[in-house]
1. One residue is enough: does the range A:79-93 have a residue meeting the conditions within 14 Å of another protein chain (Cβ to nearest Cβ), at pLDDT 95 or above and not in a loop (DSSP other than H, G, I, E, B)?
2. Within the range B:29-45, how many residues turn out to be in contact with a His (Cβ under 8 Å, 6 or more places away or on another chain) and either in contact (Cβ under 8 Å) with a residue 40 or more places away in the chain or more than 13 Å from every other protein chain (Cβ to nearest Cβ) (or both)?
3. Which of the following residues is touching a helix residue (DSSP H, G or I) at 6+ places or on another chain (Cβ under 9 Å), assigned to a loop (DSSP other than H, G, I, E, B) and within 14 Å of chain A (Cβ to nearest Cβ): B:Gly155, B:Gly121, B:Gly96?
4. If I ask for residues that are over 15 Å from the mean Cα position of the chain (by Cα) and of a type in the set (A, V, I, L, M), which ones from the range B:236-266 would you list?
5. With over 17 Å from the mean Cα position of the chain (by Cα) and either buried (at least 19 other Cβ atoms within 10 Å of the Cβ) or not acidic (Asp, Glu) (or both) as the only criterion, which of B:Trp171, B:Trp198 stands out?
6. If you check B:Ser48, B:Ser129, which single one turns out to be without any contact (Cβ under 8 Å) to a residue 12 or more places away in the chain and either within 14 Å of chain A (Cβ to nearest Cβ) or crowded, with 18+ Cβ neighbours inside 10 Å (or both)?
7. Go through the range B:210-248 and give me each residue that's under 30 Å from B:Pro81 (Cα atoms) and outside any loop (DSSP other than H, G, I, E, B).
8. So, in the range B:136-152, how many residues would count as being among the small types (Gly, Ala, Ser) and either facing another protein chain (nearest Cβ under 10 Å) or surrounded by 18 or more Cβ atoms within 10 Å (Cβ to Cβ) (or both)?
Amino acid sequence: MPILSLDPRVNRLQAEQVSAEQGPVLAPGDHWPSYQVFHQRRRGEKHSSVGIVHAPSSEMAMALAKEQYGRRGETSNLWVVCSADVLEMDYADEDVFRTTPSKSYRDPAGYKVNDKIDAYKAKNQG
Amino acid sequence: MPNSHPFPSGPLARYLLQIADDQLIMGHRNSEWTGLGPILEEDIAFSSVAQDQVGHALAFYEYLQAECGAGDPDQTAFNRPENQMLCNGLVEQPIGDYAFSLVRHWCYDHAVRLRYESLSGIPNQTLQSIAVKLRGEVKYHTFHADTWMKSLLEGSEESRFRMLAAIKEVWPLALGMFESWVGEEDWLVELAGSGQGWYPGEAALRLQWQEQAFRSLQTWGVDVEKLGLEKMDPVLGGRQGYHTVHLAPLLEEMTAVFRLDPQAEW
């Protein structure tokens with residue numbers, strides 16, 4: 001088998017024998033799913049999404065995530081979640097959020113109370 | 001090559017030097033995979049393990065300098081003739097294919113784990129804290145190795161076949177990690193006399209290691225008896241300074257830059 005790529009997975013696909021319309025047939029293990037990695041700096045703090053790793057199982061994802069995302073700085077814990085298990089909104093539905101930035105009354109900063117506070121202070125000082 | 005460093009004396013120093021030399025050579029060997037790993041994430045993880053191992057060697061060379069009269073760690077690591085190196089034959093082997101390197105990694109780091117567990121019971125606070133600190137890193141090494149062993153032994157027919165072949169190849173070399181060394185027997189008597197049970201001796205470590213290794217292999221569906229592992233003889237010599245043919249070229253390459261100017265300040 002000729003070497004087509006430095007990536008052995010690409011060579012194993014035997015792409016030269018596959019028709020362009022059909023595309024290569026992936027056997028289990030030929031293409032690893034991605035896992036989302038969540039990193040916790042200190043106990044009690046939240047886990048934050050930091051990126052992905054490719055792995056054939058969640059154990060392997062953890063073994064690889066430890067060095068990709070836990071090798072620098074402080075780390076207390078990691079989570080890995082198969083990306084396929086994450087329910088995602090469709091970007092076509094992004095319009096449900098369109099009016100949110102204009103709803104300033106939902107933001108504490110949207111309330112102008114300083115005038116009232118100043119008036120109250122002025123009244124009670126005298 | 002001039003031998004300008006003082007050789008540490010005493011059984012404890014010798015034992016630590018063996019651990020350090022194993023780690024240095026293992027780390028150097030494993031670093032040969034950097035850039036060539038099977039996938040990007042694994043390349044980074046395995047390179048990091050190699051880095052850890054060189055770091056462990058340094059921790060012990062520094063202790064030997066501070067407490068046992070050894071020379072500067074750079075001199076100890078890079079300026080000793082081959083017959084004064086005390087590493088075992090397993091770590092000297094070329095990297096082979098990834099199956100060989102993974103099985104070696106698994107055998108080696110489980111043995112290191114047992115040594116650190118034992119060393120953390122030594123009545124010597126400095127060494128105790130070194131052992132406890134390094135043990136955390138080795139916990140990851142063995143988790144990483146176990147995950148790959150399980151994955152490939154329970155994977156496809158091809159991966160299983162290649163792992164079984166690698167296990168057979170590695171085993172006699174791995175047994176050589178527990179070669180008895182000059183002074184070990186007297187030291188065990190001396191330790192027992194002073195009520196120190198932290199170092200069980202090489203034969204006991206080997207039994208412990210092999211028992212745990214067999215148990216893991218069996219859970220991954222390996223017929224240990226059929227592979228003939230129990231009847232294999234260890235490859236010996238490393239602890240006496242007699243090395244496999246692979247060490248000399250490794251030392252040649254590893255010390256090439258150092259030898260340009262052995263007194264250079266880094």
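The values are calculated or read from the model by the stated rules, or taken from the named source; none is laboratory data. Every value quoted in this text rests on a predicted model; they were computed, and no experiment measured them. A quick note on method: Cβ atoms are made from the backbone with ideal geometry, for glycine too, and the neighbour counts reach across all protein chains shown.
1. Checked the range A:79-93: at least one residue is within 14 Å of another protein chain (Cβ to nearest Cβ), at pLDDT 95 or above and not in a loop (DSSP other than H, G, I, E, B).
2. 2
3. After ruling out the rest, the residue left standing is B:Gly155.
4. If the condition is that a residue be over 15 Å from the mean Cα position of the chain (by Cα) and of a type in the set (A, V, I, L, M), then B:Val245, B:Ala248, B:Leu250, B:Leu251, B:Met254, B:Ala256, B:Val257, B:Leu260, B:Ala264 are the ones that fit.
5. Within the list B:Trp171, B:Trp198, the selection yields B:Trp198.
6. Among B:Ser48, B:Ser129, only B:Ser48 is without any contact (Cβ under 8 Å) to a residue 12 or more places away in the chain and either within 14 Å of chain A (Cβ to nearest Cβ) or crowded, with 18+ Cβ neighbours inside 10 Å (or both).
7. B:Gly238, B:Arg239, B:Gln240, B:Leu247, B:Ala248
8. So the count comes out to 2.
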